[in-house]
Amino acid sequence: MRESTGPNEITDPADLRELLGEVLPRAATKERAVLHARDREWIATSPFLVMSTSDAEGNCDTSPKGDPAGFVRVLDDTTLAIPERPGNRRADGYLNILANPHVGLLFVIPGRRETLRINGRARLVRDAPYFDDMVVRGHRPILAVEVDIDQIFFHCAKAFMRSHLWEPQQWPEDTLPSAACLVKEVQTNVTETVEELERYYSPESYAAKLYQG
(Lines give C-alpha, C1' and ligand atoms only; values in the text may rest on other atoms or scores of the structure.)
Protein backbone atom coordinates (compact mmCIF):
# COMPACT_ATOMS: atom_id res chain seq x y z
CA MET A 1 0.00 0.00 0.00
CA ARG A 2 1.49 3.34 -1.05
CA GLU A 3 2.04 5.75 1.83
CA SER A 4 0.22 9.04 1.43
CA THR A 5 2.44 12.11 1.51
CA GLY A 6 -0.28 14.70 1.05
CA PRO A 7 -1.91 16.23 -2.02
CA ASN A 8 -0.12 15.73 -5.32
CA GLU A 9 -0.77 19.16 -6.79
CA ILE A 10 -1.03 19.73 -10.54
CA THR A 11 0.71 22.91 -11.67
CA ASP A 12 1.45 22.27 -15.35
CA PRO A 13 -1.22 22.39 -18.11
CA ALA A 14 0.53 19.52 -19.88
CA ASP A 15 0.26 17.34 -16.76
CA LEU A 16 -3.42 18.19 -16.48
CA ARG A 17 -4.05 17.28 -20.11
CA GLU A 18 -2.15 14.01 -19.69
CA LEU A 19 -4.32 13.14 -16.68
CA LEU A 20 -7.67 14.07 -18.26
CA GLY A 21 -6.95 13.00 -21.82
CA GLU A 22 -7.68 14.90 -25.01
CA VAL A 23 -10.87 16.91 -25.40
CA LEU A 24 -13.64 14.93 -27.07
CA PRO A 25 -14.20 16.25 -30.62
CA ARG A 26 -17.85 17.16 -30.00
CA ALA A 27 -16.93 19.09 -26.86
CA ALA A 28 -14.03 20.85 -28.55
CA THR A 29 -16.21 22.28 -31.30
CA LYS A 30 -19.44 23.12 -29.45
CA GLU A 31 -18.63 26.74 -28.58
CA ARG A 32 -20.55 29.54 -30.28
CA ALA A 33 -20.44 33.33 -30.01
CA VAL A 34 -23.87 34.14 -31.47
CA LEU A 35 -27.18 33.03 -29.97
CA HIS A 36 -28.93 30.22 -31.82
CA ALA A 37 -32.73 30.03 -31.83
CA ARG A 38 -32.47 27.13 -29.36
CA ASP A 39 -30.31 29.23 -27.02
CA ARG A 40 -33.00 31.91 -27.05
CA GLU A 41 -35.63 29.27 -26.36
CA TRP A 42 -33.63 27.89 -23.42
CA ILE A 43 -33.15 31.36 -21.91
CA ALA A 44 -36.87 32.09 -22.32
CA THR A 45 -37.71 28.88 -20.42
CA SER A 46 -35.19 29.30 -17.60
CA PRO A 47 -36.34 30.80 -14.28
CA PHE A 48 -32.92 30.52 -12.63
CA LEU A 49 -29.27 31.20 -13.36
CA VAL A 50 -25.99 31.40 -11.50
CA MET A 51 -23.65 34.32 -12.23
CA SER A 52 -19.93 34.10 -11.47
CA THR A 53 -17.64 37.12 -11.26
CA SER A 54 -14.23 38.05 -9.91
CA ASP A 55 -12.55 41.31 -9.00
CA ALA A 56 -9.27 42.67 -10.37
CA GLU A 57 -7.30 40.52 -7.89
CA GLY A 58 -9.18 37.31 -8.75
CA ASN A 59 -11.41 37.21 -5.66
CA CYS A 60 -14.54 35.39 -6.79
CA ASP A 61 -18.27 35.56 -6.20
CA THR A 62 -21.07 33.31 -7.39
CA SER A 63 -24.64 34.55 -7.08
CA PRO A 64 -28.02 32.97 -7.92
CA LYS A 65 -30.56 34.97 -9.92
CA GLY A 66 -34.19 33.95 -10.22
CA ASP A 67 -37.53 35.28 -11.43
CA PRO A 68 -40.41 34.03 -13.58
CA ALA A 69 -39.22 32.01 -16.56
CA GLY A 70 -37.83 34.24 -19.28
CA PHE A 71 -36.70 36.97 -16.88
CA VAL A 72 -33.42 37.38 -18.78
CA ARG A 73 -34.00 39.54 -21.85
CA VAL A 74 -32.24 38.85 -25.14
CA LEU A 75 -31.38 42.28 -26.54
CA ASP A 76 -29.83 40.96 -29.77
CA ASP A 77 -27.87 37.96 -31.05
CA THR A 78 -24.90 38.69 -28.79
CA THR A 79 -26.31 40.63 -25.82
CA LEU A 80 -28.36 39.72 -22.73
CA ALA A 81 -29.84 41.78 -19.90
CA ILE A 82 -30.34 40.36 -16.39
CA PRO A 83 -32.62 42.33 -14.03
CA GLU A 84 -31.68 42.95 -10.40
CA ARG A 85 -34.28 42.68 -7.64
CA PRO A 86 -34.08 43.81 -4.00
CA GLY A 87 -31.57 41.76 -2.02
CA ASN A 88 -29.13 42.05 0.86
CA ARG A 89 -27.34 45.03 -0.78
CA ARG A 90 -23.86 43.51 -0.48
CA ALA A 91 -23.45 43.90 -4.26
CA ASP A 92 -20.43 41.57 -4.28
CA GLY A 93 -20.85 40.53 -7.90
CA TYR A 94 -21.69 44.03 -9.09
CA LEU A 95 -18.63 45.52 -7.41
CA ASN A 96 -16.61 42.79 -9.12
CA ILE A 97 -18.05 43.75 -12.51
CA LEU A 98 -16.96 47.36 -11.98
CA ALA A 99 -13.40 46.09 -11.48
CA ASN A 100 -13.44 43.19 -13.95
CA PRO A 101 -16.23 42.82 -16.52
CA HIS A 102 -15.78 39.10 -17.23
CA VAL A 103 -18.74 36.97 -16.11
CA GLY A 104 -19.90 33.38 -16.39
CA LEU A 105 -23.60 32.43 -16.51
CA LEU A 106 -25.22 29.03 -15.98
CA PHE A 107 -28.89 28.79 -17.04
CA VAL A 108 -30.95 26.07 -15.32
CA ILE A 109 -34.39 24.71 -16.21
CA PRO A 110 -36.10 22.62 -13.49
CA GLY A 111 -36.18 18.97 -14.47
CA ARG A 112 -33.65 19.35 -17.28
CA ARG A 113 -30.26 17.80 -16.70
CA GLU A 114 -28.45 19.90 -19.28
CA THR A 115 -27.54 23.53 -18.70
CA LEU A 116 -26.69 26.47 -20.95
CA ARG A 117 -23.38 28.19 -20.24
CA ILE A 118 -22.61 31.70 -21.41
CA ASN A 119 -19.38 33.61 -20.78
CA GLY A 120 -18.95 37.26 -21.63
CA ARG A 121 -18.28 40.81 -20.50
CA ALA A 122 -20.76 42.69 -18.35
CA ARG A 123 -21.73 46.25 -17.54
CA LEU A 124 -24.22 47.74 -15.10
CA VAL A 125 -27.14 49.80 -16.38
CA ARG A 126 -29.28 51.92 -14.06
CA ASP A 127 -32.14 52.29 -16.55
CA ALA A 128 -33.11 51.46 -20.15
CA PRO A 129 -36.34 51.37 -22.19
CA TYR A 130 -36.55 47.57 -21.82
CA PHE A 131 -36.88 47.90 -18.02
CA ASP A 132 -40.61 48.38 -18.62
CA ASP A 133 -40.70 44.83 -20.01
CA MET A 134 -39.04 43.48 -16.85
CA VAL A 135 -41.73 44.65 -14.41
CA VAL A 136 -42.84 41.92 -11.97
CA ARG A 137 -45.68 42.55 -9.51
CA GLY A 138 -45.58 46.22 -10.43
CA HIS A 139 -41.86 46.63 -9.70
CA ARG A 140 -39.19 47.63 -12.22
CA PRO A 141 -35.65 46.31 -11.79
CA ILE A 142 -33.25 48.25 -9.58
CA LEU A 143 -30.61 47.89 -12.31
CA ALA A 144 -29.66 45.43 -15.03
CA VAL A 145 -26.51 43.57 -15.99
CA GLU A 146 -25.94 43.70 -19.73
CA VAL A 147 -23.69 40.91 -20.99
CA ASP A 148 -21.85 40.98 -24.32
CA ILE A 149 -21.49 37.31 -25.21
CA ASP A 150 -18.09 35.79 -25.92
CA GLN A 151 -18.88 32.10 -25.62
CA ILE A 152 -22.02 29.92 -25.58
CA PHE A 153 -22.43 26.18 -25.24
CA PHE A 154 -24.68 23.53 -23.72
CA HIS A 155 -23.27 21.52 -20.83
CA CYS A 156 -23.97 17.80 -20.57
CA ALA A 157 -26.22 16.06 -18.04
CA LYS A 158 -23.64 14.07 -16.07
CA ALA A 159 -23.40 16.35 -12.99
CA PHE A 160 -27.18 16.39 -12.58
CA MET A 161 -27.36 12.63 -13.07
CA ARG A 162 -24.62 11.98 -10.51
CA SER A 163 -26.21 14.30 -7.96
CA HIS A 164 -29.82 13.10 -8.53
CA LEU A 165 -30.76 16.76 -8.26
CA TRP A 166 -34.25 16.38 -9.74
CA GLU A 167 -35.01 13.01 -8.08
CA PRO A 168 -36.62 13.69 -4.66
CA GLN A 169 -36.51 10.00 -3.72
CA GLN A 170 -32.71 10.21 -3.87
CA TRP A 171 -32.34 13.39 -1.84
CA PRO A 172 -30.50 13.09 1.49
CA GLU A 173 -32.52 13.70 4.62
CA ASP A 174 -32.48 17.36 5.56
CA THR A 175 -31.09 17.43 9.10
CA LEU A 176 -29.58 20.93 8.94
CA PRO A 177 -30.84 23.68 11.26
CA SER A 178 -33.27 26.29 9.94
CA ALA A 179 -31.94 29.45 8.30
CA ALA A 180 -32.65 31.38 11.50
CA CYS A 181 -30.66 28.92 13.63
CA LEU A 182 -27.77 28.93 11.17
CA VAL A 183 -27.59 32.72 11.22
CA LYS A 184 -27.72 32.79 15.03
CA GLU A 185 -24.96 30.19 15.28
CA VAL A 186 -22.49 31.39 12.65
CA GLN A 187 -22.83 35.20 12.69
CA THR A 188 -21.28 36.74 15.77
CA ASN A 189 -23.03 40.14 15.59
CA VAL A 190 -26.64 38.95 15.55
CA THR A 191 -28.65 40.40 18.45
CA GLU A 192 -32.10 39.07 17.54
CA THR A 193 -33.45 35.96 19.21
CA VAL A 194 -33.98 32.76 17.25
CA GLU A 195 -37.72 33.37 17.45
CA GLU A 196 -37.33 36.84 15.92
CA LEU A 197 -35.11 35.44 13.20
CA GLU A 198 -37.58 32.65 12.47
CA ARG A 199 -40.25 35.28 11.81
CA TYR A 200 -37.85 37.27 9.61
CA TYR A 201 -36.82 34.23 7.52
CA SER A 202 -40.28 32.69 7.32
CA PRO A 203 -41.64 31.97 3.81
CA GLU A 204 -44.46 34.42 4.43
CA SER A 205 -42.10 37.23 5.41
CA TYR A 206 -39.82 36.61 2.43
CA ALA A 207 -42.74 36.35 0.01
CA ALA A 208 -44.04 39.75 1.12
CA LYS A 209 -40.75 41.49 0.29
CA LEU A 210 -39.53 39.61 -2.79
CA TYR A 211 -39.79 42.75 -4.93
CA GLN A 212 -39.89 45.44 -2.27
CA GLY A 213 -36.59 45.03 -0.44
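Summary of values
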item: Number of the condition not met by Ala179 [criteria: (1) exposed (fewer than 13 other Cβ atoms within 10 Å of the Cβ); (2) of a type outside the set (Val, Ile, Thr); (3) in contact (Cβ under 8 Å) with a residue 12 or more places away in the chain]; result: (1)
item: Among residues of segment 51-74, those that are over 15 Å from Met134 (Cα atoms) and surrounded by 16 or more Cβ atoms within 10 Å (Cβ to Cβ), counted; result: 7
item: Restricting segment 23-44 to residues that are within 20 Å of Asp148 (Cβ to Cβ) and among the small types (Gly, Ala, Ser), the residue that is surrounded by the fewest Cβ atoms within 10 Å (Cβ to Cβ); result: Ala37
item: Residue in segment 144-157 that is open to solvent by 70 Å² or more (accessible area, probe 1.4 Å) and aliphatic (A, V, I, L, M) present; result: no
item: Considering residues of segment 75-95 that are more than 29 Å from Tyr200 (Cα to Cα) and in contact (Cβ under 8 Å) with a residue 12 or more places away in the chain only, the residue surrounded by the fewest Cβ atoms within 10 Å (Cβ to Cβ); result: Asp77
item: Candidates Gln169, Gln212 - the one that is within 28 Å of Val108 (Cβ to Cβ) and without any contact (Cβ under 8 Å) to a residue 60 or more places away in the chain; result: Gln169
item: Matching strands (runs of 3 or more DSSP E) fully within segment 1-113 where at least 1 residues are more than 17 Å from the chain's Cα centre (by Cα); result: 73-76, 79-83
item: Members of segment 105-124 that are surrounded by 15 or more Cβ atoms within 10 Å (Cβ to Cβ) and more than 16 Å from Ala159 (Cα to Cα); result: Leu105, Ile118, Asn119, Gly120, Ala122, Leu124
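The values are calculated or read from the model by the stated rules, or taken from the named source; none is laboratory data. Bear in mind that the values here come from a model prediction, so they are computed numbers and not experimental data. Every residue, glycine among them, receives a Cβ derived from its backbone with ideal geometry; neighbour counts consider all protein chains shown. Heavy atoms of the whole protein, side chains included, go into the accessibility calculation; ligands, DNA and RNA do not. Shrake-Rupley method; radii C 1.70, N 1.55, O 1.52, S 1.80 Å.
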